[in-house]
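Below is one structure, written out as structure tokens; comments come after it.
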Amino acid sequence: MALRGSHRLDVFIRRCSALNLFHRHAPSRRVSHCDRDQQTKQDQRQQDRKEQQDSGGGHWGRFGWRSLIRFFVPFSLGAVASSLVIKREELTPTLSARAMTGRRRDFNFIAEVVAGCADSVVYIEIKDTRHFDYFSGQPITASNGSGFIIEQNGLILTNAHVVINKPHTMVQVRLSDGRTFPATIEDVDQTSDLATLRIQVSNLSVMRLGKSSTLRSGEWVVALGSPLALSNTVTAGVISSTQRASQELGLRNRDINYLQTDAAITFGNSGGPLVNLDGEAIGVNSMKVTAGISFAIPIDYVKVFLERAAERRKKGSAYKTGYPVKRYMGITMLTLTPDILFELKSRSQNMPSNLTHGVLVWKVIVGSPAHSGGLQPGDIVTHINKKEIKNSSDVYDALADNSKNLDVVILRGVKQMHVTITPEDP
């Protein structure tokens, strides 16, 4: 069968040569390489000559069947491969586009949460009534923070340290649509660091309040607010812990189990809502220790504060500060407990290894005595007037002294520095 097939292939090539498809000539006479059967070879030659004459006869060049295979097979394989590549290039983008269609709609759950509750978040500015901008003539902004609307008639919830940090100031609230209103402080609880404001406007978007008692570690949360005076800013993360006791943070006068999250919370985020994926506020952003470690006041604790405030309003009693008037330095601080120190040292290489106590300066109000004296956010206060500072109560004790100036020893990175601060009298 193989010899018969090869013979037919040789005949095909010779016919192609008659049509000038091949131009290579070979001798018409064959030379036998085997002498086993001379008669058979002669008969084969005669048959070949006869077939040549039938097809037009002559001395035509021909290629062997192996040469033909070597000629056609690579081109055939190349054509098949090219067709496959073309088909793949045509089909792949179509399949990829079909697979990706709808992913933004199906998986952008953070955007859905923000769209449902961002209108109820407000930007709070603390204006210094003793200093005015040279060009506009308006009071300068001494501090800023965030809050969120909890009643349609203009009741706003925020942190107490946002609105009571500085004397001789006024509070101004800017809504998400750009409208600005002066605000009055209705209730303040310095122990829980919560406060409510009131603006004279109605029919506002309201933030729904959830339940912090049902939270689990690992749940997605969204922090909304105005960090660094950038209003309507969103960050996302997960709940790291639902039971971070205030004693672990060095807040001895508070009985709160804070929510710990890795969502970015910075200065202006204070007072803004920490929202779950149902669009409900489950906490109030309170403080940040370092990148990845932030804390919020649980909304269940906030509800207790709001109930007490509502009872007071029903009785018609006037607003009172409810907190002792102290000398003013102008910082927000956090006690460095052993756990927090361990976290800071593990996350930053600029922390001295021999640091065992101190207070972290989390925020410095512009224009305050601390700002004028040279304190910066991130500084660690270790001594005031040669006395060790182990918690925030030690700082308040130093302010209660009659010393006119405070000699403060701080750590800025790995460098120890001395600054002098002159607190303002109430």
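Values quoted throughout were computed directly from the atomic coordinates according to the rules given, and no laboratory measurement underlies them. The structure displayed is predicted, hence computed values, not measured ones. A quick note on method: Cβ atoms are made from the backbone with ideal geometry, for glycine too, and the neighbour counts reach across all protein chains shown.
For the range 300-309, take each phi angle, set θ = phi - 60°, evaluate the Karplus expression 6.51 cos²θ - 1.76 cosθ + 1.60, and give the result in whole Hz per residue in order, putting x for glycine and proline.
Result, ordered by residue: 5, 5, 5, 4, 5, 4, 5, 5, 5, 5 Hz.
Of the peptides 212-219, 271-278, how do they stack up when ordered by the mean number of other Cβ atoms within 10 Å, highest first?
Packing proxy ranking, top to bottom: 271-278, 212-219.
Provide the packing ranking of 197-204, 235-242, i.e. peptides ordered by the mean count of other C-beta atoms within 10 Å per residue, highest first.
Answer by packing, highest mean first, reads 235-242, 197-204.
Each residue of the range 381-394 in order: what ³J(HN,Hα) in whole Hz does its phi give by Karplus 6.51 cos²θ - 1.76 cosθ + 1.60, θ = phi - 60°, with x for Gly and Pro?
8, 10, 9, 9, 6, 6, 10, 5, 10, 10, 7, 5, 5, 5
Out of residues 5 or more away from Ile140 or on other chains, whose amide H comes under 5 Å of its own, with H placed 1.01 Å from N in the peptide plane?
Under 5 Å from the amide H of Ile140: Asp128, His131, Phe132, Asp133.
Per-residue counts of other Cβ atoms within 10 Å, averaged by peptide: what ranking do you get for 132-141, 414-423, 365-374, 298-307, highest first?
Top of the packing list down: 365-374, 298-307, 414-423, 132-141.
Treating only the Cβ of Lys, Arg, Asp and Glu as charged (+1, +1, -1, -1), what charge dipole size does the range 272-426 show about its Cα centre? Round to the nearest 20 debye.
For the range 272-426, the charge dipole is close to 300 debye.
Can you compute the FRET efficiency between Glu151 and Phe109 using 1/(1 + (r/R0)^6), with r the Cβ-Cβ distance and R0 = 22 Å? Round to the nearest 0.05.
0.20
What list of ³J(HN,Hα) couplings, whole Hz, do you get for the range 102-107 from phi and the Karplus terms 6.51, -1.76, 1.60, once you set θ to phi - 60° and write x for glycine and proline?
Residue by residue, the range 102-107 yields x, 5, 4, 6, 7, 10 Hz.
So if we plug the beta-carbon distance of Tyr396 and Thr101 into 1/(1 + (r/R0)^6) with R0 = 41 Å, what FRET efficiency do we get, rounded to 0.05?
It comes to 0.10.
Can you give me the long-range amide H partners of Glu219? Hydrogens built in the peptide plane at 1.01 Å from N, cutoff under 5 Å, separation of 5 or more residues or another chain.
Ile239
Mind scanning Lys127/Lys303; Lys345/Lys415; Lys288/Lys345 and naming the pairs with a C-alpha gap bigger than 24 Å?
The answer is Lys127/Lys303.
Out of residues 5 or more away from Ala236 or on other chains, whose amide H comes under 5 Å of its own, with H placed 1.01 Å from N in the peptide plane?
Correct list: Ala223, Ala264.
Determine the sum of side-chain charges near Val113: Lys and Arg each +1, Asp and Glu each -1, restricted to other residues whose C-beta is under 14 angstrom from that of Val113.
-4
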